[in-house]
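Here is the structure we will look at, set down as structure tokens.
Derivation of every value follows stated rules applied to the coordinates shown; laboratory data play no part. Small disclaimer: the values here were computed from a predicted structure and weren't measured. Cβ atoms come from the backbone with ideal geometry, glycine included; neighbour counts cover every protein chain shown.
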Amino acid sequence: MKTLKSRRMPAALQPDIMPVLSAGRHRSPRSGACFMEFASFLAGERWSDHPSCTHAGLAHMARAVNDLTSNEGRSALAPLIPSVIGLTTDDPRLDLIIAVTAASAAIPIASIDRQHALAVGALVCQDALERAGGSGPIDVDGPLREALDSAPEAETWARRFLDRNVRWRRAEISARQTHVTIAMSVDGVRSACAPFPDERLSALLESTIALSAEFVAREREAAGVAAEAAASAADRMPAEASSPLSRPDARSEYEDFSRHM
């Protein structure tokens, strides 16, 4: 009678070393994992809180949300981790879109001192986004307008500040500067005088993941259409080249023949 031999589960899959979400950076899965370290683990990448499988701006928000969520509430973020894997793009506009939408979510509920900085960051990123070609079908202007309307004093302060410091509005903005606005937004949501901070942080991250997924999907769809058009054009070229009338001398002979008809 044959007996089944027990097989040892590969170490990478053993439950006793499955990462547990916690704040900060970690040297290995055994010591825990932040949101993005867990994503690198699931994606099969080298252990890192800056994996290549996720857009840098989205990853920056995920790390901030992870660290500012309470120990009791952090495990609720785990179901969102797989959804960030594969959301990548080289388009710098996504950083700006994430920054503006995050600030729009934070401004209405943040404290006054944070509202000033958030309004400045949002307006600077909005201006840079317009100069970069806009957000396309993703609406960032409407939510920002509503957020600023809820904090008119902060908008007035921010516009006066930018009028006195024009270089802030017109200078090229780096990804690092954009990420500062994202981090301030997460902090503004967490420190607001409103109930259920963990739920607000989770909702902010979830909506940003959905926004990023929409942006990446539209970009890939456009790239696919362009590739199909290029392939179609390439397929037509041999047929045109093989046509008897493609040679200049043949085309001239045909025109002479047509005139005598």
Next item on the list: For residues that are over 18 Å from the mean Cα position of the chain (by Cα), farther than 18 Å from A175 by Cβ and in a helix (DSSP H, G or I), tally how many sit in region 99-122.
Entry: 8
Checklist line | Hits in region 50-68 (condition: surrounded by 15 or more Cβ atoms within 10 Å (Cβ to Cβ), under 21 Å from L211 (Cα atoms) and out of contact with any His (no Cβ under 8 Å at 6 or more places or on another chain)) | finding: P51, C53, T54, H55, L58, M61, A62, R63, A64, V65, N66
Checklist line | Qualifying residue in region 88-111 (condition: hydrophobic (A, V, I, L, M, F, W, C), surrounded by fewer than 23 Cβ atoms within 10 Å (Cβ to Cβ) and in contact with a Ser or Thr (Cβ under 6 Å, 6 or more places away or on another chain)) | finding: no
Checklist line | Selected residue (only one of D198, D149, D163, D141 is under 25 Å from D67 (Cβ atoms) and among the acidic types (D, E)) | finding: D198
Next item on the list: Could you tell me whether region 125-135 includes any residue that is surrounded by 13 or more Cβ atoms within 10 Å (Cβ to Cβ), touching a Lys or Arg at 6+ places or on another chain (Cβ under 7 Å) and aliphatic (A, V, I, L, M)?
Entry: yes
Next item on the list: Residues being in a loop (DSSP other than H, G, I, E, B) and under 15 Å from the mean Cα position of the chain (by Cα): count how many of those fall in region 63-98.
Entry: 8
Next item on the list: Any residue in region 203-226 that's in contact (Cβ under 8 Å) with a residue 60 or more places away in the chain: show its pairings with residues that are of a type in the set (F, W, Y) at Cβ separation under 9 Å, as long as the two are six or more apart or on different chains.
Entry: L205/F35
Next item on the list: Check T54 against each of (1) in a loop (DSSP other than H, G, I, E, B); (2) closer than 26 Å to R145 by Cα; (3) β-branched (V, I, T) and name the one condition it does not meet.
Entry: (2)
Notebook entry, point to check: If you take the residues of region 178-220 that are outside any helix (DSSP H, G or I) and among the small types (G, A, S), which of them is surrounded by the most Cβ atoms within 10 Å (Cβ to Cβ)?
Noted result: A192
Item checked: Test: residue in region 127-142 that is over 17 Å from the mean Cα position of the chain (by Cα) and either part of a loop (DSSP other than H, G, I, E, B) or more than 14 Å from L96 (Cα to Cα) (or both) -> yes
Next item on the list: Please work out if S40 is polar (S, T, N, Q) and not in a loop (DSSP other than H, G, I, E, B).
Entry: yes
